[in-house]
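Since the structure comes first, as structure tokens, the remarks are kept for the end.
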Amino acid sequence: MAANTRAPADTFPKLLLRNASSFGDRPAMRHKDLGIWQTWTWTQVRDQVLALAAGLHRLGLKRGDTIAIVGSNRPKLYWSVAAAQVLGAIPVPVYADAVADELAFVLAHAEVRFATVEDQEQVDKILSVSERLPKLEKMVYDEPRGLREYDHANLHPVDQVIAGGREALKDPALAKWLDGEIAAGKGSDTSIILYTSGTTGQSKGVVLSAERCIAAGSDTVAFDKLTEKDEALAYLPLAWVGDHYLNYAQGMVAGFCMACCETSDTSMADLREIGPTFFFAPPRTFEQMLTRLMIRMEDAGFVKRKLFHYFIGVARQHGEAILNRQPVPLHGRLLYGLGDILVYGPLKNVLGLTNVRTAYTAGEAIGPDLFSFYRSLGLNLKQLYGQTEAFLYLTAQPDGQIYSDTVGPAMPNVDLRIADNGEVLFKSPGQFISYFKDEAKTKEAMTSDGYVKTGDAGFFDSKTGHLKIIDRAKDVGKLKDGTLFPPKYIENKLKFFPNIREAVAYGDGRDCVAVMINIDLTAVGSWAERNNVIYGSYQELAGHPLVYGMIQKNIEETNRSLAEDPVTAGAQVKRFLILHKELDADDGEVTRTQKVRRGFVAERYAPLIDALYDGSKEADISTQVTFEDGRKGTLSARVKVRDAATVPVAPSLGKAA
């Protein structure tokens with residue numbers, strides 16, 4: 001039986017009870033632990049969640065309290081989210097890799113009384129900032145390793161909490177009370193608080209209601225025809241809106257199974273073992289998968305390489321047409337069918353994509369060639385656009401309407417419009433209630449007639465009617481001569497090259513565009529190995545003359561692409577450098593969702609930006625870095641600066657209106 005596309009339940013605990021009743025023996029959750037996959041049915045998940053809720057209630061968690069959820073994708077952390085919602089408490093997920101200061105800010109701002117955490121690392125981080133968390137009373141932990149000798153006065157193993165709750169539920173009065181708490185939950189209740197990535201400043205707590213979350217999830221479940229027979233891989237950060245939406249919310253609405261990876265490092269291996277039917281990954285993940293694949297092909301035998309490249313050529317010629325059910329000559333279909341047996345099928349199997357019926361990418365622009373490559377293999381890869389304040393989906397590409405340079409039309413029940421300044425505005429089923437404890441920011445994010453400002457500049461394509469996103473509205477600037485300068489657009493074009501992991505473009509109010517580059521260590525390291533380039537560290541490889549030459553070719557190819565569009569022709573890159581270190585969230589240079597904090601980077605690397613614009617051939621820089629164990633250090637380097645060739649542009653091209 002297919003899941004209801006518009007669930008009658010208005011809270012997630014009510015959906016949990018519905019799923020246990022409708023899909024009781026079907027798998028609801030899997031987790032790989034110590035190399036072995038464990039599975040829980042919907043009935044078992046319900047029982048675990050109710051026992052955990054009863055256990056947390058015995059510890060003092062009550063309606064209206066906030067409880068932090070800190071860690072990676074583990075069943076007991078997801079159950080903690082649901083158990084909190086059963087009690088009418090409000091879960092506040094926090095990124096597992098957040099440093100202690102970031103953790104302290106969220107927990108203090110959200111006024112959490114309880115925290116459910118993954119392991120000793122998270123316990124230690126919270127204890128190290130405990131003086132800044134006066135309201136925090138108790139912690140519950142999942143992984144007991146290393147915690148035996150800790151003071152357990154206010155520290156509790158989650159298994160013990162569940163066992164205590166299960167025992168307590170033998171009392172009919174408590175079981176009846178818990179049923180009453182679920183029934184008392186209203187759709188208008190706060191379901192969760194998700195903190196933004198904080199690209200331009202301090203993170204904001206986005207307050208989302210239960211009924212709006214479920215309404216948004218129901219629309220997309222219907223859109224992609226998801227049912228209880230589908231399966232998704234939970235490997236994205238638990239605190240990110242994408243994970244809470246794509247896995248938790250859609251899983252509850254559709255009744256499908258969510259599989260949790262063993263660790264973030266094993267996610268691609270776990271992907272192959274699970275073979276999900278619904279899959280989401282940011283463009284960077286698809287790039288890394290292809291990069292690893294191409295590295296392996298370089299090491300393959302002559303015949304295999306020839307076979308691979310020939311049939312990939314066939315796929316590029318006919319694959320997308322076959323996927324879109326368009327007319328293809330018989331010989332093309334026959335060749336593609338042979339290629340599917342010899343290359344595409346085995347390739348998708350190696351990548352773990354064999355069973356994927358619907359795949360999405362979002363967060364950054366995806367390169368047309370990369371997008372086309374996966375679709376030519378028969379993968380139904382599409383793009384979506386959304387944000388935390390919308391509870392994700394604003395647009396998505398319907399099957400058969402797939403374009404690499406758009407993010408699709410408005411989703412059902414979503415109202416989009418473009419403001420006079422080019423900013424995308426929306427009203428949506430999942431629209432947020434407010435920013436937690438910040439009425440001023442909430443008002444600032446809204447128009448007078450109730451639309452939410454996305455902060456992104458975009459327009460509707462006249463041919464397709466789909467939305468195109470250009471850049472963050474505040475980041476679009478102009479060069480000194482009036483040429484339009486869209487930094488994110490330029491950066492995304494550069495990042496289409498597998499050698500380039502990150503790019504930061506500057507040019508607003510300047511004479512020309514200049515960029516700072518992070519190389520991709522995997523791709524460039526593999527190239528170095530094949531070309532006998534010896535290096536001992538990222539810094540050495542990044543500064544190598546041959547690497548500079550390779551990146552220069554990538555930039556000059558990007559300039560040729562920019563020159564083809566009158567709007568961007570005047571914004572070609574004239575100077576560049578390769579940073580001596582990777583931009584890191586622990587150093588505050590990127591957010592936990594890997595978005596560059598442009599202003600902070602400009603301030604931190606000011607000497608390098610000066611060198612890009614004063615004609616210097618090199619510049620010295622000393623940067624404070626944070627090591628994995630939290631220690632601080634200093635990294636010094638002399639960074640080279642190079643010029644890049646540009647394509648001549650007619651004077652009328654590239655000027656902003």
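The values are calculated or read from the model by the stated rules, or taken from the named source; none is laboratory data. Treat the numbers as computed from the prediction; the structure is a model and nothing was measured. We place every Cβ from the backbone using ideal geometry, glycine too, and count neighbours over all the protein chains shown.
Only one of (1) closer than 18 Å to Leu15 by Cα; (2) at pLDDT below 95 fails for Gly217. Which number is that?
Single failed check for Gly217: (2).
Please go through the range 306-320 and pick out each residue that is under 23 Å from Pro368 (Cα atoms) and surrounded by fewer than 16 Cβ atoms within 10 Å (Cβ to Cβ). Steps first, answer last, please.
Going through the range 306-320, the residues under 23 Å from Pro368 (Cα atoms) turn out to be 308-320.
Of everything in the range 306-320, those that are under 23 Å from Pro368 (Cα atoms) and surrounded by fewer than 16 Cβ atoms within 10 Å (Cβ to Cβ) turn out to be His309, Tyr310, Gly313, Arg316, Gln317.
Return yes or no: is Lys125 over 28 Å from Leu16 (Cα atoms), among the basic types (Lys, Arg) and either touching a helix residue (DSSP H, G or I) at 6+ places or on another chain (Cβ under 6 Å) or modelled with pLDDT of 95 or more (or both)? First the steps, then the outcome.
Values: over 28 Å from Leu16 (Cα atoms): yes; among the basic types (Lys, Arg): yes; either touching a helix residue (DSSP H, G or I) at 6+ places or on another chain (Cβ under 6 Å) or modelled with pLDDT of 95 or more (or both): yes.
Yes.
Within the range 81-99, can one find any residue that is in the same structural domain as Val241 (by TED's automatic domain parsing), under 24 Å from Ala232 (Cβ atoms) and in contact with a Cys (Cβ under 7 Å, 6 or more places away or on another chain)?
no
Can you go through Asn532, Asn559, Asn518, Asn554 and tell me which one is outside any loop (DSSP other than H, G, I, E, B) and over 24 Å from Gln594 (Cα atoms)? Give the derivation first.
Values: Asn532 fails: outside any loop (DSSP other than H, G, I, E, B); Asn518 fails: over 24 Å from Gln594 (Cα atoms); Asn554 fails: over 24 Å from Gln594 (Cα atoms).
Answer to the selection: Asn559.
Are there any helices (runs of 4 or more DSSP H) wholly within the range 19-116 with 1 or more residues that are closer than 13 Å to Ile162 by Cβ, and if so which? Walk me through it before giving the result.
Numbers: elements: 42-59, 75-87, 100-109.
Because the criterion is at least 1 residues that are closer than 13 Å to Ile162 by Cβ, the helices (runs of 4 or more DSSP H) in the range 19-116 that meet it are 42-59, 75-87.
For the range 206-246, how many residues meet the condition of being outside any loop (DSSP other than H, G, I, E, B) and either β-branched (Val, Ile, Thr) or free of Cβ contacts under 8 Å to residues at least 12 places away in the same chain (or both)? Step through it out loud before you land on a result.
Quick first cut of the range 206-246, residues outside any loop (DSSP other than H, G, I, E, B) only: 206-223, 231-234, 241-246.
Next cut, either β-branched (Val, Ile, Thr) or free of Cβ contacts under 8 Å to residues at least 12 places away in the same chain (or both) only: 206-207, 214, 220-221, 241.
Here the count works out to 6.
Tell me which of these Ser80 doesn't satisfy, since it passes every other one: (1) modelled with pLDDT of 95 or more; (2) among the hydroxyl-bearing types (Ser, Thr, Tyr); (3) out of contact with any helix residue (DSSP H, G or I) (no Cβ under 7 Å at 6 or more places or on another chain).
Of the numbered conditions (1) modelled with pLDDT of 95 or more; (2) among the hydroxyl-bearing types (Ser, Thr, Tyr); (3) out of contact with any helix residue (DSSP H, G or I) (no Cβ under 7 Å at 6 or more places or on another chain), the odd one out for Ser80 is (3).
Collect the residues in the range 317-333 that are under 30 Å from the mean Cα position of the chain (by Cα) and in contact (Cβ under 8 Å) with a residue 24 or more places away in the chain, keeping them in residue-number order.
Within the range 317-333, Gly319, Glu320, Ile322, Leu323, Asn324 meet the criteria.
For Thr190, which of the numbered conditions (1) surrounded by fewer than 20 Cβ atoms within 10 Å (Cβ to Cβ); (2) closer than 14 Å to Thr388 by Cβ; (3) of a type outside the set (D, E, K, R) fails to hold?
(2)
Whether any residue in the range 491-500 is within 14 Å of Leu562 (Cα to Cα), assigned to a loop (DSSP other than H, G, I, E, B) and not basic (Lys, Arg) is what I want to check.
Checked the range 491-500: at least one residue is within 14 Å of Leu562 (Cα to Cα), assigned to a loop (DSSP other than H, G, I, E, B) and not basic (Lys, Arg).
Name every residue in the range 472-506 that is polar (S, T, N, Q) and either assigned by TED's automatic domain parsing to the domain that holds Ala365 or farther than 20 Å from Lys553 by Cα (or both), in order of residue number.
Within the range 472-506, the subset polar (S, T, N, Q) is 483, 492, 499.
Thr483, the sole residue that qualifies.
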